[in-house]
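The values are calculated or read from the model by the stated rules, or taken from the named source; none is laboratory data. Here the structure is a predicted model, which means the values were calculated and not measured. We place every Cβ from the backbone using ideal geometry, glycine too, and count neighbours over all the protein chains shown. These area figures cover heavy atoms from the full protein model, side chains too; ligands, DNA and RNA do not enter into them. Shrake-Rupley method; radii C 1.70, N 1.55, O 1.52, S 1.80 Å.
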Amino acid sequence: GAVVSQHPSWVICKSGTSVKIECRSLDFQATTMFWYRQFPKQSLMLMATSNEGSKATYEQGVEKDKFLINHASLTLSTLTVTSAHPEDSSFYICSARGAGSNSYEQYFGPGTRLTVT
Amino acid sequence: DAKTTQPPSMDCAEGRAANLPCNHSTISGNEYVYWYRQIHSQGPQYIIHGLKNNETNEMASLIITEDRKSSTLILPHATLRDTAVYYCIARNGNTGKLIFGQGTTLQVKP
């Protein structure tokens, strides 16, 4: 299957700082990328959908000014957590979907664990 | 998006078949049934998907009832490495979103 990477795999930051997480599709062009958040012992929660070259669509209850998403190319999307607070500590996972005949499959990255102190 | 219902947990003996049920009674005609699994602290892994017909691949089989209101994922010979949380999802045919429920924690025991 296709490969999606995330960087960094884990990050610790101080409260009030911003953190950027990258999501890359390594061997296919991702027209759509999705960002999820997962708290311990809970399921994945969809945060937003981003299409290359256009603004992200956020799920209800997700602050777009706090979670900035950029999908500037067909292989890269970034999620920036601005002014992070301890309650933003979570496991952030991206997924990517290509175009064409394989567009029914979404491939997930390995996740980024964010800890805000 | 159709809601799916799965048992919270199941056990299976190593080497035996694991049958994981899923109810999706409100599924609409353009929603596919997808199965993913997540091993602790990793990203979800795609297993299989289907619309109406039963499907089989190298990992598993998917049996969908004729009325499409439920399905069963079958791992034919479970191994210890199959211990994971298994998610059954009705994928929105228009947006392509995958909305995860609580899933079934499958514990494969020696």
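Details
Quick grid of which residues meet (1) open to solvent by 60 Å² or more (accessible area, probe 1.4 Å); (2) assigned to a helix (DSSP H, G or I); (3) closer than 24 Å to B:SER41 by Cα:
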| position | (1), (2), (3) |
| --- | --- |
| A:ILE12 | yes, no, yes |
| A:PHE28 | no, no, no |
| A:ARG37 | no, no, yes |
| A:LYS41 | yes, no, yes |
| A:VAL62 | no, no, yes |
| A:ASP65 | yes, no, no |
| A:TYR92 | no, no, yes |
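- Applying the set (1) outside any loop (DSSP other than H, G, I, E, B); (2) crowded, with 16+ Cβ neighbours inside 10 Å to A:THR80 leaves exactly one unmet item: (2).
- Single condition B:GLY43 does not satisfy, out of (1) touching a residue at least 40 places away in the same chain (Cβ under 8 Å); (2) assigned to a loop (DSSP other than H, G, I, E, B); (3) open to solvent by less than 50 Å² (accessible area, probe 1.4 Å): (1)
- Residue tally, condition open to solvent by 60 Å² or more (accessible area, probe 1.4 Å) and within 14 Å of A:GLN106 (Cα to Cα), over the stretch A:14-26: 2
- One residue stands out among those in the stretch B:9-40 that are in a loop (DSSP other than H, G, I, E, B) and within 28 Å of A:PRO40 (Cβ to Cβ): the one that is most open to solvent (accessible area, probe 1.4 Å), which is B:HIS40.
- The set of residues from the stretch B:90-109 being within 10 Å of chain A (Cβ to nearest Cβ), at negative phi and not hydroxyl-bearing (Ser, Thr, Tyr) comprises B:ARG91, B:GLY93, B:LYS97, B:LEU98, B:ILE99, B:PHE100, B:GLY101, B:GLN102.
- When the stretch A:1-10 is filtered for residues that are surrounded by 13 or more Cβ atoms within 10 Å (Cβ to Cβ) and in a strand (DSSP E or B), the ones remaining, listed by number, are A:VAL4, A:SER5, A:GLN6, A:HIS7.
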